[in-house]
1. Conditions: (1) outside any loop (DSSP other than H, G, I, E, B); (2) modelled with pLDDT of 95 or more; (3) open to solvent by 70 Å² or more (accessible area, probe 1.4 Å). L41 meets all but one. Number of the miss?
2. Do you know which residues across the stretch 10-32 are within 13 Å of the chain's Cα centre (by Cα) and part of a loop (DSSP other than H, G, I, E, B)?
3. Looking at this structure, is E33 among the acidic types (D, E) and touching a residue at least 12 places away in the same chain (Cβ under 8 Å)?
4. Restricting attention to the stretch 78-105, which residues are part of a strand (DSSP E or B) and either farther than 15 Å from V38 by Cβ or open to solvent by 50 Å² or more (accessible area, probe 1.4 Å) (or both)?
5. Among the residues of the stretch 44-70, which ones are surrounded by fewer than 15 Cβ atoms within 10 Å (Cβ to Cβ) and part of a loop (DSSP other than H, G, I, E, B)?
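The values are calculated or read from the model by the stated rules, or taken from the named source; none is laboratory data. Given the structure is predicted, the values throughout are model-derived calculations rather than measurements. Positions of Cβ are backbone-derived with ideal geometry, glycine not excepted, and every protein chain shown enters the neighbour counts. Note: areas computed on protein heavy atoms with side chains; ligands, DNA, RNA excluded. Shrake-Rupley method; radii C 1.70, N 1.55, O 1.52, S 1.80 Å.
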Amino acid sequence: MEAIKKLIGKKVIVRSYGAGVFFGTLNEVEKCEDKYTVELLNCRRLWQWAGACSITQLAVDGTKKPNECRFTITEKSIVVASVIEIHECSKDAVKSIESVDEWKQ
């Protein structure tokens, strides 16, 4: 799909069918039946968020409550299969998401 190719190199939020929600720079996309497999660079799993009602709002506005979010450490590269949503992030959303402290033990 041409629209997805335009997102290569941009910060996105993706939702997969079983692995969850991720934020990172879209590097590659491969069509697999009715879903996609993507590679994200400098990626974080968005485990839990507050201050946004959905990942759509998170991609547009970012989080209004960064201290209540659980976003994992940043991973250099990850391949996520069964992707069912890809949202381009606004500059405000990127700044907001990247400002959230890494959630780790």
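1. (3)
2. Filtering the stretch 10-32 down to residues within 13 Å of the chain's Cα centre (by Cα) leaves 10-16, 19-27.
Answer for the stretch 10-32, where residues must be within 13 Å of the chain's Cα centre (by Cα) and part of a loop (DSSP other than H, G, I, E, B): K10, A19, G20.
3. Details: among the acidic types (D, E): yes; touching a residue at least 12 places away in the same chain (Cβ under 8 Å): no.
For E33, the condition - among the acidic types (D, E) and touching a residue at least 12 places away in the same chain (Cβ under 8 Å) - is not met.
4. If we filter the stretch 78-105 for residues that are part of a strand (DSSP E or B), which is where we start, we get 78-88, 102.
V79, A81, I84, E88, E102 - these are the residues of the stretch 78-105 that are part of a strand (DSSP E or B) and either farther than 15 Å from V38 by Cβ or open to solvent by 50 Å² or more (accessible area, probe 1.4 Å) (or both).
5. If we filter the stretch 44-70 for residues that are surrounded by fewer than 15 Cβ atoms within 10 Å (Cβ to Cβ), which is where we start, we get 47-48, 50, 53-54, 56, 64-65, 67-68.
Residues satisfying the conditions are A50, C53, S54, K64, K65.
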